[in-house]
Amino acid sequence: MSKQLNDKIKNKSAKIAIIGLGYVGLELATTIAKSQFQVYGFDKNKDKINLIKKNKSPINTISSKKIKLLNKKFILNLGNIKQIYNCDVIIIALPTPLTKNDKPDISYLKNCYKNIFPYLRQDQMIILESTVYPGATTEIFSKEIAKKFIIGKNFNICFSPERISPGKKLSYEYRDIPKIISGKTKDCLNSLSLFYGKIFKTIYKCKTIEIAEFTKLYENAFRAVNIGFANQMKIVSNKMGINISEVINAAKTKPFGFTPFNPGPGVGGHCIPIDPLFISYVAKKYNVKSNFIELARKVNLETTEWVINKIKRNINKNSKILIFGAAYKKNIDDWRESPTVKIISKLEKFYNVTYYDPYISEIFINSKPFLSLKKLNYINLKNYSGIVIATDHDCFDYNKILKYSKIIFDTRNSFSNKFSEKIINC
Ligand code: SAJ
């Protein structure tokens, strides 16, 4: 057991490095700083570092007020990775996207590890927060470290999946969400339990790192499959002239055995469309089926196509179409994997397409910049042959949209309690 590390954690003199200041790393930094630890932030993005230094948040779901408070305990390093040597706990929160052929891309993690390895010393702890497939933490970190240190005795390797729900106005803090933790050895787990036990209200110990890695994927595959089910039932019920949202609202009255998911234009984000495929990846390696997951992905992608075809069947070519919302879900400024991108890229071949998203001024369609309408005067909606509600931001004025639009393709059940011939649910 790393006594020196554990003592520093106990008296809060441990220095905490967070590598990757995205929606996970920055939320963690603010939460850990609040527990009175000195936090060192590392990120290669100069713009992001400069914004944070000016007490400004680079992410709309983390307030600048939080950044201002954080800066009291925050030392920012613009990729000055040598500082890692002075840190006792090293948290890695870097992206783990998919490659072009849908395989997990752990290159960010591997590059980071290569850069920090020379500065690793005894009595440090690495905590991986990024979403990975079962076995990846050991595969990436253990081999070289086991040559340099004795894992569990004078160096700790841990994994703890992030549970941040971007954009949700939560009535609770990040520290209130139970934190799954795991370690390569019992001593690793004890050190992590000691540390995260001071940060989070509840910690849940997994027996192995692989269980924790799988738990994260299971949580998100559960969502992807259920959203896929809701989307497919939308298409089935739509054929019968039944509004699936009425069905779901009725089903929700069942106080047990039912969890509501809403159909949409497909799924976006860096979790739900991506994480479940990490299970497919390992399932293939073990030669077992995981076709629930592949089917969900297929159905969610087909749903976006179905929405596009619905629009094409109801709007004459070369007409003007306005799309509300580029973000992958409401009230956030993130458009990664957003269905809106696919909808625009397919429609712009046949129509004059514009989008409006107050959170996102510019997106890229087939690597071409696509600008949002700067300002929207709702009266001008009558100049469009059709409008599409792709993201149901709370800031949109749905009464005015209904009043001034000719046809509304509503993919988010935004007008649930209103009936109008103008609305095409899709
Ligand atoms: N979506 C639907 N119908 C639903 C729920 C979501 O179509 O009923 C769509 C959203 O519009 C979006 C996509 O699915 O395009 C993903 O939505 P999400 O609510 O799952 O949001 P994410 O991707 O930000 O997921 C994260 C996850 N958090 C972590 O991985 C730590 C997820 O586990 C959370 O449940 C989710 O946030 C959350 O609750 O906000």
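The table below lists the values:
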item	result
Matching residues, segment 200-223, being among the β-branched types (Val, Ile, Thr) and buried (at least 20 other Cβ atoms within 10 Å of the Cβ)	Ile209
Within segment 119-129, tally of residues that are outside any helix (DSSP H, G or I) and without any contact (Cβ under 8 Å) to a residue 60 or more places away in the chain	4
Per-region count, segment 272-306, residues open to solvent by less than 20 Å² (accessible area, probe 1.4 Å), within 30 Å of Asp333 (Cβ to Cβ) and not β-branched (Val, Ile, Thr)	8
Residue satisfying condition, being touching a helix residue (DSSP H, G or I) at 6+ places or on another chain (Cβ under 9 Å), surrounded by 13 or more Cβ atoms within 10 Å (Cβ to Cβ) and at pLDDT below 95, within set Pro263, Pro166, Pro161	Pro166
Which numbered condition Asn50 misses (of (1) farther than 13 Å from Leu70 by Cα; (2) in contact with a Leu (Cβ under 7 Å, 6 or more places away or on another chain))	(2)
Selected residue (only one of Lys349, Lys329, Lys310 is charged (D, E, K, R) and not in a loop (DSSP other than H, G, I, E, B))	Lys310
Residue that is surrounded by the fewest Cβ atoms within 10 Å (Cβ to Cβ), among those in segment 169-199 that are farther than 22 Å from Lys3 by Cα and touching a residue at least 40 places away in the same chain (Cβ under 8 Å)	Lys169
From Ser182, Ser165, Ser160, residue being under 24 Å from the mean Cα position of the chain (by Cα) and more than 30 Å from Ser63 (Cβ to Cβ)	Ser182
Any hit, segment 130-148, residues being within 26 Å of Asn60 (Cβ to Cβ) and open to solvent by less than 20 Å² (accessible area, probe 1.4 Å)	yes
Given (1) on the phi > 0 side of the Ramachandran plot; (2) of a type outside the set (A, V, I, L, M, F, W, C); (3) without any contact (Cβ under 8 Å) to a residue 24 or more places away in the chain, number of the condition Gln36 does not satisfy	(3)
Every residue from segment 352-366 that is part of a loop (DSSP other than H, G, I, E, B) and not aromatic (Phe, Trp, Tyr)	Asp357, Pro358, Ile360, Ser361, Asn366
Some residue of segment 89-98 being in contact (Cβ under 8 Å) with a residue 24 or more places away in the chain, out of contact with any Cys (no Cβ under 8 Å at 6 or more places or on another chain) and away from the ligand (no atom under 16 Å from the Cβ)	yes
Residue selected from segment 307-352 under the condition closer than 18 Å to Val225 by Cα and in contact with a helix residue (DSSP H, G or I) (Cβ under 9 Å, 6 or more places away or on another chain), by the criterion surrounded by the fewest Cβ atoms within 10 Å (Cβ to Cβ)	Pro339
Pairs where the first residue, in segment 376-388, is among the aromatic types (Phe, Trp, Tyr) and the second is in a loop (DSSP other than H, G, I, E, B) and buried (at least 21 other Cβ atoms within 10 Å of the Cβ), C-beta under 8 Å, 6+ apart	Tyr384/Ser405
Scope segment 237-288; condition among the hydroxyl-bearing types (Ser, Thr, Tyr) and away from the ligand (no atom under 13 Å from the Cβ); matching residues	Ser237, Thr253, Ser280, Tyr281, Tyr286
Residue in segment 122-133 that is of a type in the set (A, V, I, L, M, F, W, C), away from the ligand (no atom under 16 Å from the Cβ) and modelled with pLDDT of 95 or more present	yes
Boolean, Lys234 is more than 23 Å from Trp335 (Cα to Cα) and more than 15 Å from the ligand (Cβ to nearest atom)	no
Qualifying residue in segment 312-323 (condition: within 16 Å of the ligand (Cβ to nearest atom) and touching a residue at least 60 places away in the same chain (Cβ under 8 Å))	yes
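The values are calculated or read from the model by the stated rules, or taken from the named source; none is laboratory data. Being a predicted model, the structure only gives us computed values, none of them experimental. When we count neighbours, we look across all protein chains shown, and the Cβ atoms used for this are built from the backbone with ideal geometry, even at glycine. Accessible surface is based on the protein model in full, side chains and every heavy atom, while ligands, DNA and RNA are left aside. Shrake-Rupley method; radii C 1.70, N 1.55, O 1.52, S 1.80 Å.
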